[in-house]
Amino acid sequence: MNAAEARSEALYRLHRTAILGYLARRVEPREDAADLLSEVFTTAWRRIDALPDGDDARLWLYGTARNVLANHRRGSTRRASLTARLREHLAVRLQRVDEPDGVTAVHEALAGLSEPDREVLTLSAWEQMTPAEIAVVLGLNPATVRARLARARVHLRSALATHTPATR
Amino acid sequence: MDLTEDEAFARLRTAAGPADADLAADPVLDGLLDELGAGLTSARRPFGPLRIGPRTFRPRTFRPRRVSRTGGVRRPSGIGRHVMVFAAAAATALVLLGCYAVLRDDGVRRPPDRPATGATTPPAPPPLKTGLYGAAVAGSMRAGEFADASEWINLGSPELPGFLDSQQRGLTLPPGESWGPLRVRLIRPGKRLQITALIFNVRRYALCRNAAAYVATEPGSARTRYRLFIEKNTPWTVVGASGPAGRKSRPGDPGHFTRTFHFIQGPVTDTSIRAFASGCNLPWTLSGALR
């Protein structure tokens, strides 16, 4: 195994679950995350020499996952034969069961927000990223992210106020 | 229903699913991800076989072009020989022009610090253990940091997730909580943390998440509830191998150290409880010295 392969495999081992989680939380049906995961790490492998060092490589993977997700929404992701078994497992493992009203209400509220609001909120709440990290993933200025996050939190609060079960 | 922004954000956080830790705890998924990883890398090795589960696929080898019964190269009907000759001549001219352009540009556009031939070789992944021990490796300390005689661990090692799995065994989190926020902070390629700090973070994280759940469900003021919860949790002692501070240890080094950890140092007061609770907020803040 040469150094590029070793680095690629190390990145895959370190971040595969986090990237799979990121994708599965944002794609429908959730098992499509298998193909998207394959796409993200294929891109990383293809561009291994261009990948940044240190923690920036993790943020680079999130940025790539975001682009792959956007392409998928445009219908341009192909199913790979390599991911067939993983897809099957995810289809069973991540099957949506009846979620509590509270969780459904949050998802409804989230769906009512704009894409930029949704993106900064979920990167902060679900991926536990700081504004500086979100800025790297989205290719924005950290100050812009902080402002966008503050605004998005206000929007989330009012959206949740209209989607909570108690007010129905 | 009146919610503050923080409460709304906390509700969003609990609606994350699937949690990374749940995915990481699934051994079948782990095996399938290993399989996919092997396939992804093998698929792009120039001449290597591709393994998917028990099956092995070998790349196609070069086969000579099919010839017609008359021995000539089959070509679409209606295309004359002179057209084929012209096309071949034009293609050759284009290739030669391309080669000339490449050779002429060589050395002009290439950045001076990149060699003309040979790919860059990224570093190999680091092992979990560094062989470095002691507080001296940390250099000067900042406020809130600590270091001891234990070994420094590479946070970018592919062995780290497995090590964290072993440390998490036996610790439980409240329903809906995951280890994700801690792992995101701990997996840091290029950084090191001492093994004691690593274990301390795992335990402190479990305590914090459980304390928050306890405070949210039990009656009484938050301060009293935190006190009750924290007082239930006794400190623990770590006995670890220790090399000479700041120097590489030798195999069979007999040095050992003992360290007792407290979630709250000194008497449990309102101030110390407040300090502990504020350190429980997410995104998670690591304990120890990150180097």
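The values are calculated or read from the model by the stated rules, or taken from the named source; none is laboratory data. Computed from a predicted model, the values in this text were never measured in an experiment. Cβ: placed from backbone, ideal geometry, glycine included. Neighbour counts: every protein chain shown. Surface accessibility is based on the protein's heavy atoms, side chains included, excluding ligands, DNA and RNA. Shrake-Rupley method; radii C 1.70, N 1.55, O 1.52, S 1.80 Å.
Working carefully through the options B:P27, B:P49, find the one that is at pLDDT below 55, under 25 Å from A:A44 (Cβ atoms) and open to solvent by 50 Å² or more (accessible area, probe 1.4 Å).
Details: B:P27 fails: at pLDDT below 55.
One residue alone meets the criteria, B:P49.
Output yes when any residue across the stretch A:24-39 is under 21 Å from A:R118 (Cα atoms), open to solvent by less than 30 Å² (accessible area, probe 1.4 Å) and among the acidic types (D, E), and no when none is.
yes
Here are some residues: B:A211, B:A206, B:A245. Which one is at pLDDT below 70 and either open to solvent by less than 20 Å² (accessible area, probe 1.4 Å) or closer than 30 Å to B:L132 by Cα (or both)? Reasoning before the result, please.
Details: B:A211 fails: at pLDDT below 70; B:A206 fails: at pLDDT below 70.
When all the criteria are applied, what remains is B:A245.
Does A:V136 fit the bill of being modelled with pLDDT under 95 and either more than 20 Å from B:A15 (Cα to Cα) or surrounded by fewer than 14 Cβ atoms within 10 Å (Cβ to Cβ) (or both)? Spell out the reasoning first.
Values: modelled with pLDDT under 95: yes; either more than 20 Å from B:A15 (Cα to Cα) or surrounded by fewer than 14 Cβ atoms within 10 Å (Cβ to Cβ) (or both): yes.
Spelling it out, A:V136 is indeed modelled with pLDDT under 95 and either more than 20 Å from B:A15 (Cα to Cα) or surrounded by fewer than 14 Cβ atoms within 10 Å (Cβ to Cβ) (or both).
If you check every pair at least six apart or on different chains, which have Cβ atoms under 7 Å apart with a residue in the stretch B:182-204 that is acidic (D, E) and part of a helix (DSSP H, G or I) first and a residue that is open to solvent by less than 30 Å² (accessible area, probe 1.4 Å) and modelled with pLDDT of 85 or more second?
Going by the 7 Å Cβ cut-off, there are no qualifying pairs.
Does any residue of the stretch A:5-25 turn out to be closer than 21 Å to B:R185 by Cβ, at the interface with another protein chain (Cβ under 7 Å from one of its Cβ atoms) and over 17 Å from the mean Cα position of the chain (by Cα)?
Within the stretch A:5-25, one or more residues are closer than 21 Å to B:R185 by Cβ, at the interface with another protein chain (Cβ under 7 Å from one of its Cβ atoms) and over 17 Å from the mean Cα position of the chain (by Cα).
Is one or more of the residues making up the stretch B:139-151 in a strand (DSSP E or B) and over 17 Å from the mean Cα position of the chain (by Cα)?
Of the stretch B:139-151, the ones in a strand (DSSP E or B) are B:151.
From what's left, over 17 Å from the mean Cα position of the chain (by Cα): B:151.
Looking through the stretch B:139-151, at least one residue is in a strand (DSSP E or B) and over 17 Å from the mean Cα position of the chain (by Cα).
Within the bounds of the stretch B:163-175, is there any residue that is open to solvent by 30 Å² or more (accessible area, probe 1.4 Å), aromatic (F, W, Y) and touching a strand residue (DSSP E or B) at 6+ places or on another chain (Cβ under 8 Å)? Talk me through it step by step, then tell me what you get.
We begin by selecting, within the stretch B:163-175, every residue open to solvent by 30 Å² or more (accessible area, probe 1.4 Å); these are B:163, B:165-167, B:169-173, B:175.
Now narrow it down to the ones that are aromatic (F, W, Y): B:163.
Remaining after also requiring touching a strand residue (DSSP E or B) at 6+ places or on another chain (Cβ under 8 Å): B:163.
Yes: the stretch B:163-175 contains one or more residues that are open to solvent by 30 Å² or more (accessible area, probe 1.4 Å), aromatic (F, W, Y) and touching a strand residue (DSSP E or B) at 6+ places or on another chain (Cβ under 8 Å).
Mind listing whichever residues of the stretch A:38-53 are at the interface with chain B (Cβ under 7 Å from one of its Cβ atoms) and touching a residue at least 12 places away in the same chain (Cβ under 8 Å)?
Quick first cut of the stretch A:38-53, residues at the interface with chain B (Cβ under 7 Å from one of its Cβ atoms) only: A:38, A:41-42, A:45, A:48-49, A:53.
The answer is A:S38, A:F41, A:W45, A:I48, A:D49.
Residues to consider are A:T83, A:T77; find the one that is open to solvent by less than 10 Å² (accessible area, probe 1.4 Å) and modelled with pLDDT under 90.
Working: A:T77 fails: open to solvent by less than 10 Å² (accessible area, probe 1.4 Å).
Selected residue: A:T83, the only one of A:T83, A:T77 that is open to solvent by less than 10 Å² (accessible area, probe 1.4 Å) and modelled with pLDDT under 90.
Within the stretch B:189-200, how many residues turn out to be closer than 22 Å to B:L173 by Cβ and within 14 Å of chain A (Cβ to nearest Cβ)?
Summing the residues that are closer than 22 Å to B:L173 by Cβ and within 14 Å of chain A (Cβ to nearest Cβ) in the stretch B:189-200 gives 1.
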